[in-house]
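Each remark here refers to the structure printed beneath this line.
Bear in mind that the values in this text are calculations on the coordinates, not laboratory data. None of these values were measured; they are calculated from a predicted model. All Cβ positions, glycine included, derive from the backbone under ideal geometry; neighbour counts span all protein chains shown.
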Amino acid sequence: MPDIVNYHKLLEKRAEVWRGAGLTPSVLLHSCCAPCSSTCLEVLTCFCRVTVFYFNPNITSKSEYEYRLNEQKRLIAEMPFEHPVDLIEGRYEPDEFLEMAKGLETAPERGPRCVKCYTLRLKETALTAKERGFDYFATTLTLSPLKPAPVINEIGLSLGAENSQETDFGIFIPGGAAYLPTDFKKNEGYKRSIELSKEYGLYRQNFCGCDFSKPKEETAKNNSEV
């Protein structure tokens, strides 16, 4: 059996190296929502300069998309950080997600539709990080206990390898954006996100983002109202 990688431990080791070298790398953090980003920002801003990248075409409801975006902005404005946090809103083109999901509408959660969705969002994050000169890109998706961190990190690493060069433990070489592997759910990260959500009164949705991920009872209710 292959060795199980503890990405959280690897992140801690990188942080030690950065601190020892006096480095504060810039990270473009893809965020799915404010609650998930809360723990991630609390961790990363201790040793990185973070910019949140809100790119979520999977949220096909415009009102849901905007509500989550506004909650993200509010969290950034209200939560204290060791290093200031900025925000970039990505393009909003839900038709791109729907085209990608064709034929996979009934696929189970964590299945091929979800993997394609992770790839879509991480690829856009990688390209934006490279274009804007960030040292690294990362994602909040590894916080959720319902998301497979090994799969997400494998996708991110493959995208980062296409766009950059990097030495062991992240002493970066200028010229591209490398992927920063994480597993934010470790060390009770998900529990911490619930605590922070309560502290800041954040809206916590009951589905990932796309209509296919909504609870069946809610989907049935919406269909009956059409």
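The charge dipole of region 1-119, taken about its Cα centre with unit charges on the Cβ of Lys, Arg, Asp and Glu (plus for the first two, minus for the last two), comes to roughly 280 debye.
Computed about the Cα centre, the dipole magnitude for the chain is approximately 280 debye when only Lys and Arg (+1) and Asp and Glu (-1) carry charge, each at its Cβ.
Please give the peptides 12-19, 146-153, 30-37 ranked by average Cβ packing (other Cβ atoms within 10 Å per residue), highest first, as a rough proxy for protection.
Ranking, from highest mean packing down: 30-37, 146-153, 12-19.
For residue 49, nonlocal amide neighbours, meaning residues 5 or more places apart or on other chains whose placed amide H falls under 5 Å from its own, are 26, 27. Between the residues 155, 108, 21, the greatest Cα displacement towards the positive end of the dipole of the chain, with unit charges on the Cβ of Lys, Arg, Asp and Glu, is found for 108. Seen against the Cα atoms of the chain and their longest principal axis, helix 7-21 is set at about 40 degrees.
Our summary gives region 7-225 a relative contact order of 27 percent, counting only alpha carbon pairs under 8 angstrom and 6 or more residues apart.
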